[in-house]
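Enquirer: Before I ask anything, let me first share the structure, which is written out below as C-alpha cells.
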Amino acid sequence: MKWKDKDIRIILSTDAKKEYNKLNTIILNSVKQKTNFLRIDPEYGTHISKDKIPKEYIIKFAVNNIWKLNLVDGWRLIYSIEGNNSEITILILNIFNHKKYNKKFKYN
C-alpha cells in the first residue's frame, strides 16, 4: 500500500509480536475448541431468532437459521446449520469481536 506516493511498512516490536502471536493463538484455539463442540452437538451455540438475522446473511448465504458461539476475549462465531438425510453442514458465517457483533446485529 502507498500513502502520499510512499510505501508503507509496519514493523512489530519483539514485545508486540509476542502479544500478536499469543492473541492469534488464543483466538484460534478457541475457534478450534468450539468447532470440536459443534461436531458433537451442532446446536451447542445460542440460537438467534429469525427476526434478528441480518438481511445480508439471508441474501449472501441463503440461510434461514443462525447460531452464536462466544469465544475468548469477547469474540463471536456466527454459524448456520444445514442438512439433509445423510449429512449436517455447519457453515461458519463470521468470526468477529464483540463490537462488530453488536454493530452487525444492531445491539446497543
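We did not get these values from a lab; they are worked out from the coordinates using the rules stated. This is a predicted model, so every value here is computed, not measured. Note that we place each Cβ from the backbone using ideal geometry, even for glycine, and neighbour counts take in every protein chain shown.
Enquirer: For segment 52-70 and segment 79-108, what is the separation of their C-alpha centers, rounded to whole Å?
Expert: 6 Å
Enquirer: Using only Cα atoms and rounding to the nearest 10 degrees, what angle (0 to 90) does helix 14-40 make with the longest principal axis of the chain?
Expert: 10 degrees
Enquirer: Still on this model: Could you compute Rg(Cα) / (2.2 N^0.38 Å) for segment 41-92, with N its residue count?
Expert: Details: Rg = 11.5 Å, N = 52, 2.2 N^0.38 = 9.9 Å.
That ratio works out to 1.16.
Enquirer: If I model a spin label at residue 108 and residue 91 as a point 7 Å from the Cα along the Cα→Cβ vector, what separation in nanometres do I get?
Expert: So the label points at residue 108 and residue 91 sit 3.3 nm apart.
Enquirer: Another question about this same structure. Compute and list, largest first, the equivalent-ellipsoid semi-axes of the chain from the alpha carbon gyration tensor, each √(5λ) rounded to a whole angstrom. Don't jump to the answer; show the numbers that get you there.
Expert: Values: eigenvalues 199, 73, 38 Å².
Working through the eigenvalues yields semi-axes of 32, 19, 14 Å.
Enquirer: Given the peptides 8-21, 39-52, 70-83, arrange them by the average over their residues of other C-beta atoms within 10 Å, most packed first. Walk me through the numbers on the way to the answer.
Expert: Working: 8-21: 8.9, 39-52: 11.6, 70-83: 17.2.
Packing proxy ranking, top to bottom: 70-83, 39-52, 8-21.
Enquirer: Separate question: Which listed residue (23, 69, 94) has the Cα farthest towards the positive end of the charge dipole for segment 13-104, taking +1 on Lys and Arg C-beta and -1 on Asp and Glu C-beta about the Cα centre?
Expert: The listed residue farthest towards the positive side: 23.
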